[in-house]
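Just below is one structure, and these are the notes that go with it.
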Amino acid sequence: MSVPPRPADARRPHAFRASGRYSALRLLREALGGHQGWRRAWRKAEPRKEYQVVIVGGGGHGLATAYYLANHFGITDVAVVEKGPIGLGNVGRNTTIIRSTYYRPENIRFYDHSLRLWEGLEQELNFNAMVSQRGVVYTYHTDGQRDHMIRRANDMRLAGADCVELDRAALKALIPAISLDSGRFPVLGAFMQPRGGTVRHDAVAWGYARGASEAGVDIIEHCEVTGLRQANGRVTGVETTRGFIGAGTVCLAVAGHSSHLAGMAGIRLPIETHALQAFVSEAIKPFLDVVLMFGAGHFYISQSDKGGMVFGGAIDAHNTYAQRGTQWIAQEVAAEGVALLPALARLRILRQWAGVMDMTMDGTPIISKLPLDGLVMNGGWCYGGFKAIPAGGYTAAHLIAHGEAHPLTAHMDVGRFAAGLTVDEPGTGPFPWAH
Amino acid sequence: MLRITCPHCGVRDEVEFRYRGDASVQRPPADADAAAFVAYVYERDNPRGWHHEWWYHAAGCRQYLQLWRHTVTHTIHAVGTATDTLTPPHGMVDR
C-alpha cells in the first residue's frame, strides 16, 4: 500500500526531555551525583487525531516495527497503541531464547538475519539487552533424529548460519549435569549453534520503546482497539477506548489476538490461539551455561543471570486465550527436565505463567498485507516470536514503507495458503495443536 | 486441568483426551470453488469466547466427542457424542 504523505504540521512540541546516551562514563558521573540525573527512557504520549501509521500492540514486534519505521525508513509520524502497559504480553512472558535453528531454508535465512541484528542490537539501541551468545544445544536420541539434524545443520550452513556436531564425550564435558543414559531415551549426541543464546527480554521492549520514542513515535498505553474503521475498501483508522485515531496504514502486532483484531475487519486468518507455558525455579549457583533442548520430547532450559532455571515445553493443546497453563503440560515439562538433568528434581518451581500464541496453520509467521487496503500484520509467530523481534520489526517496517515484502519475508505472505505455497515448518499439516 | 464428562465413560481428566480442533468447520460440497476449500482447510474463527470443538477420548472409549468450551474461562457448556445435536451457549449459533 502507499503511505499518504505526512502533513508538515503533524509534529507537536512536547516537554519531554530525552534520556540521553547511556555509557560507562555517564554511569560513573551519575553514581557520583547520587543518581539524580536519570530521566525517563521514553515519553508517554496522548493520542493525536491522526497518524501516518498506527501500530496496534506495544509488545516486542510492535515497538520494533515502530523503531525501524522511524529510524531506518524515515517515517516518524507513527503511534503504537497498547491496551495495557507496554511489554507485559509475550515479550515479557517468553523463555528469552534466540537461535536460527529452523527447518525450512526460508525460515533459517530470516531467523539468522534476526540473530545478526541481535548481535548488533545493544550498539544500535544504546541499551543493555544482555545479549548472551552462550550457545544452543540440541540432543538427539535416535538414528533417524540424527539424520534429520544433520540435514538441518547442512541447510543452516548453506544459509550462512553456524551449527556444529557434538559427540557424547563433548556433550558431557560441556554440560556435566546432563544424564546421557536415562533409561528410556539415551542421548546419542547433540548439535549446537554457538551463536544462539538468550537476551534479557524486558530490556528489548524498553530499548525499542526508547529508540522509537526518541525518534518521535507516540507510545500510547491503556488504549484498547475496539474496531477498525474503513471507507471505500480501505482502512482509515482505529476505534479505541480513547477515541478514534485516524491512520493511513494500520499494522496489527498483537500475537495471540491477531484473529480477534483481524475479525474486526471481517477477515478470517489461518491462525489458532494456544497457550505456551514457562517456568522459573528458585535461584541456584551457576549450573548450566548453555541453552539446552531435549530431543526426546519438547523441553528447553537455560539459567538466568539471577540464577533461576528458566524452562518450558510444548503448547497447551487446545484453543485458549487464557494466559495460564494446564497442569498436565506442567507435569510433562517437569518430567522431561528431570530425565535430561536429574539434578533438577531437587529444585522448586517459583513461578509459572503462560502467553497466548498465534499458531499458524503451517508454523511459519505472517508478515503480510491483509485483504483490506492499508491493513498489514506482523504476527503468526507461533512460539518463535521473541527471537524474531529485530528481523520481524525491520521487515514489517519495510513492508509498510515500501508497500512490498522484504525479500526475507516474501514467503510469509498470507496469500500462500490459497496459492498452495505453505511453508510447513513443523511438518504436521494444518493442525496447530500438533506443532 | 479440564474435567470432561464423557457421555460414555463419565467424568475424566483432560489427559485422557486429544484435542482435535474446531467442530464448526464443514467440508464444502465437491463442486465448491477453491476459495471455499482454502477456508475449510486453513481459515478459522478462532473466537475469544465460546468454541465448538472436537475432542478424541484416546485413553477411554476412543470415540470422538464434541464440546462447547469457553476459550478464556475454560468453562465447558456441553459435551456430546459426534452425532448429538448440542444446545449452544446462550447467544451462540451452531453453524
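Considering only A:407, A:419, A:431, and ranking their Cα positions along the charge dipole of segment A:318-435 that arises from unit charges at the beta-carbon of Lys, Arg, Asp and Glu, the one farthest toward the positive end is A:431. Taking amide H positions as modeled 1.01 Å from N, with prolines and chain starts lacking one, the residues under 5 Å from residue B:44 and 5 or more places away or on another chain are A:269, A:271. For segment A:217-242 versus segment A:147-189, the inter-centroid distance based on Cα atoms is 48 Å. Diffusion coefficient of chain A by Stokes-Einstein, Kirkwood radius over Cα pairs, 37 °C, 0.692 mPa s: 146 µm²/s. Computed 3J(HN,Hα) for segment A:149-158, one whole-Hz value per residue from the Karplus formula 6.51 cos²θ - 1.76 cosθ + 1.60 where θ = phi - 60°, is 5, 4, 4, 5, 4, 5, 4, 5, 5, 4, glycine and proline marked x.
All other residues whose Cβ lies under 13 angstrom from that of residue A:241 are scored, Lys and Arg at +1 and Asp and Glu at -1, for a net of -2. Charge tally for residue A:362 (other residues, Cβ to Cβ under 9 Å; Lys, Arg +1; Asp, Glu -1): -1. Legend: ranking of residues A:428, A:240, B:85 from fewest to most surrounding C-beta atoms inside 10 Å; resulting order B:85, A:428, A:240. Per residue of peptide A:264-270, the mean number of Cβ atoms on other chains within 10 Å of the residue Cβ is 3.
Here A:236, A:360 are placed in order of increasing Cβ neighbour count within 10 Å, fewest first, which gives A:236, A:360. Cysteines in the protein assembly as shown that lack a partner Cβ within the 4.7 Å cut-off: A:163, A:223, A:251, A:382, B:61. Remark: B:37, A:191, A:185, A:110 ranked as B:37, A:185, A:191, A:110, counting other beta-carbon atoms within 10 Å and listing the fewest first. Of the residues B:63, B:11, B:30, the one whose Cα sits farthest toward the positive end of the charge dipole of segment B:3-81, with +1 on the Cβ of Lys and Arg and -1 on the Cβ of Asp and Glu, is B:11. In a reduced charge model with +1 at each Lys and Arg Cβ and -1 at each Asp and Glu Cβ, segment B:3-81 shows a dipole moment near 300 debye about its Cα centre.
Each part reduced to its alpha carbon centroid, segment A:32-86 and segment A:342-385 end up 22 Å apart. In summary, the convex hull built on the alpha carbon positions of segment B:3-81 has an orientation-averaged projected area of 5.7 nm². Centroid-to-centroid, using Cα positions, segment A:114-128 and segment B:17-92 are 44 Å apart. 3J(HN,Hα) couplings calculated from phi for segment A:418-435 with the Karplus curve 6.51 cos²θ - 1.76 cosθ + 1.60 (θ = phi - 60°) are, in sequence order, 6, 7, x, 10, 5, 10, 7, 4, x, x, 10, x, x, 10, x, 5, 9, 4 Hz; Gly and Pro show x.
Partners of residue A:83 within straight-line reach, counting lysines whose Cα lies under 28 Å from its Cα and excluding those fewer than 8 residues away in the same chain: A:44, A:49, A:369, A:387. Secondary structure note: in the protein assembly as shown, about 75% of the DSSP beta bridges are antiparallel.
If you run the Gaussian network model on chain A, springs between alpha carbon atoms under 10 Å, then out of A:232, A:378, A:71 the most flexible one is A:232. Placing +1 on the Cβ of every Lys and Arg and -1 on the Cβ of every Asp and Glu, with nothing else charged, gives the protein assembly as shown a dipole about its Cα centre of roughly 1400 debye.
Comparing mean-square fluctuations of A:205, A:159, A:66 from a GNM of chain A with C-alpha springs under 10 Å, the top value falls on A:159. Summing +1 for each Lys or Arg and -1 for each Asp or Glu among the other residues whose beta-carbon sits under 13 angstrom from that of residue A:414 gives -1. By the rule of a C-alpha distance below 18 Å, with chain neighbours fewer than 8 residues away ignored, the lysines paired with residue A:306 are A:285. The HN-Hα couplings worked out from phi for segment A:209-214 by the Karplus form 6.51 cos²θ - 1.76 cosθ + 1.60 (θ = phi - 60°) are 4, 5, x, 5, 4, 5 Hz, whole numbers, x standing for Gly and Pro.
In the elastic network of chain A, a GNM with C-alpha springs shorter than 10 Å, the most mobile of A:120, A:183, A:227 is A:183.
Bear in mind that the values in this text are calculations on the coordinates, not laboratory data. The structure presented is a predicted model; accordingly, all values stated were derived computationally and were not measured. Please note: Cβ atoms are built from the backbone with ideal geometry, for glycine as well, and neighbour counts cover all protein chains shown.
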